[in-house]
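Quick notes on the structure that follows.
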Amino acid sequence: MKRNAGFLLVAAAIAASAACASRGREVFVREGCGNCHRFRELGNGGAPELSEIGSRRDAAWIAVQVRTPAAHNPATRMPPFPRITGYDLRSLVAFLRS
């Protein structure tokens, strides 16, 4: 019985993660990230390609980059997105790390 409970918890966590990443895709599109960035099949533009960002940066770094990119690079041309918060921010980060 304990094995089944553990399996169900893992399955629920995977489903929640997939739902979060799916919401993150919606945030990416809604906020116009693809106007400048490319992530797999989404977007275009001259800003950095983000398809491999999840293997290069952790979730905290990505969250700061979205909300206050000048914290990482004061000369950045990327505008800040302070309005992306809470579940939307976590979802966008999960999507970019997927």
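The values are calculated or read from the model by the stated rules, or taken from the named source; none is laboratory data. Not measured: the values here are computed from a predicted model. Quick reminder, even Gly has a Cβ in these numbers, built from the backbone with ideal geometry, and neighbours come from all protein chains shown.
Computed values, structure above
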quantity	calculated
Criterion: of a type in the set (Lys, Arg) and surrounded by 12 or more Cβ atoms within 10 Å (Cβ to Cβ) - qualifying residue of ARG57, ARG30	ARG57
Which listed residue is within 30 Å of MET78 (Cβ to Cβ), assigned to a helix (DSSP H, G or I) and at pLDDT below 80, from ALA5, ALA16	ALA16
Selection within segment 55-70 - farther than 11 Å from LEU92 by Cβ and part of a helix (DSSP H, G or I)	SER55, ARG56, ALA60, TRP61, VAL64, PRO69, ALA70
